[in-house]
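S.K.: One structure coming up, written as structure tokens, with questions to follow.
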Amino acid sequence: MLKKVYITVFGSGLGHASRMVRVANRLKAEGVEVKFSSSSEGSIYIRKKGYTCYNIPLIDISWKDGEIYVRGSLIRAPRLIFTFLSQIGKEIKIMKAFKPDLVLSDSRLSSIIASKLLSIPCILITNQIKVILPSKRFIVKFLERIEEKILGFLWSLSDRIFIPDLPPPYTIAEENVKGLRASKVKYLGFFPPLKEDNIEKLDLLRLKEKGKSLIFAQISGPPLTRPKIVKSLIDLALKLSKFNFVISLGSPRASTKIKKIKNSLIFGWCPYVEELFEISDLILIRGGHSSIGHALWSGKPMICIPIRRHSEQISNAKKVEKLGAGIYLDPDNLNEEFLLNSIERLFKGSYYKRCREIMNLCRKMDGLEALLEEIYKIKS
């Protein structure tokens, strides 16, 4: 019988943390004791949701001026080996004290290795197994090929591997999950959004002035990647007065107080994300996998503006465009003309019809229910 589950979460950005909190909520409701480990903003978010979360040193690529810093990432790589070993040591200590029946790893390799060393069953949930650096230099590509082989083997130490995405040919993360042992991999589908009763707040947020559409801009990702695009989007939103905007700055440390400027509502941290995905006419996001999945589940066309030189987000955004569910907008082209043209293309084209088709497919595959079924299956 499943009594204790230890969930380990990659802490850069909030997509991993938010989906695993949904899993924890269901397990907790069924009497399972749940504890977490994570880093950075992931830890903050998880604790805000009322869970114990141990801090683990963060392993991430380097950032500079709001984009991936390739040289810095390569220079830091040898030091990150020591950080990784430190992660494994801390995870072993936590697992020995907590004695979980099962480890759920959302894109955290150190906990997989720790669980195998302690003979604890481990399930991997991930939409990215490798780091793809935005460089065409031979040495970088050579190192990426070595990394893919090594990481593919290590990730495959998990007892099972689940991709929270649609199966091919609809897979958003198709470029980022290559290299896993196919026999262990199963596509779950996207997780449904959290269901919360915020109907009164929903009415306050409608902002449906006659003849104006509502655009929800959710700015997520590592803290260093947000300031530039936040400033640009607020400036552009105020210029595009024919639309109403709600802009979430995506910081769990920030206040939930609403700031109203002309045609826009601005949140440091928006507590009504699920409701806004439902009532908005159009979604404006980065290229994060969870945000894209949320938009597809809601049947809303999207404009994806990936973090500059972020290969994973760029490939996600290009797949959205390929599926006909939205438009990939290069952040270097983020100006009033390009943004307005993109918005008008989405409203005038066949994007809404295509998004409804994909939404129906999403809702036939409830990723959360599928994962819970697999969790109990592995412990039966």
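The values are calculated or read from the model by the stated rules, or taken from the named source; none is laboratory data. This is a predicted model, so every value here is computed, not measured. Reconstructed Cβ throughout: ideal geometry from the backbone, glycine too, with neighbour counts over all protein chains shown.
S.K.: Touching a residue at least 24 places away in the same chain (Cβ under 8 Å) and assigned to a helix (DSSP H, G or I): does that describe residue 327?
M.R.: For residue 327, the condition - touching a residue at least 24 places away in the same chain (Cβ under 8 Å) and assigned to a helix (DSSP H, G or I) - is not met.
S.K.: Criterion first (among the polar types (S, T, N, Q) and surrounded by 19 or more Cβ atoms within 10 Å (Cβ to Cβ)) does residue 350 satisfy it?
M.R.: No.
S.K.: Test of understanding: among 280, 298, 311, 342, which residue is touching a Lys or Arg at 6+ places or on another chain (Cβ under 9 Å), crowded, with 19+ Cβ neighbours inside 10 Å and not aliphatic (A, V, I, L, M)?
M.R.: After applying the criteria, what remains is 280.
S.K.: Kindly list the number of the only condition in (1) at pLDDT below 90; (2) of a type in the set (Ser, Thr, Tyr); (3) outside any helix (DSSP H, G or I) that fails for residue 73.
M.R.: (3)
S.K.: Look through the range 211-236, keep the residues that are of a type in the set (A, V, I, L, M, F, W, C) and farther than 25 Å from residue 17 by Cβ, and return whichever of them is nearest to the chain's Cα centre (by Cα).
M.R.: For the range 211-236, the residue satisfying everything is 215.
S.K.: When you scan the range 218-324 for strands (runs of 3 or more DSSP E) that lie fully inside it, which ones turn up with 1 or more residues that are modelled with pLDDT of 90 or more, aliphatic (A, V, I, L, M) and closer than 20 Å to residue 170 by Cβ?
M.R.: 282-285, 302-304
S.K.: Name the single residue, out of those in the range 325-343 being within 12 Å of residue 302 (Cα to Cα) and touching a Ser or Thr at 6+ places or on another chain (Cβ under 6 Å), that is modelled with the highest pLDDT.
M.R.: Taking the candidates together, the pick is 327.
S.K.: Filter the range 285-318 down to residues that are charged (D, E, K, R) and within 20 Å of residue 358 (Cβ to Cβ), then give me how many there are.
M.R.: The qualifying residues number 3.
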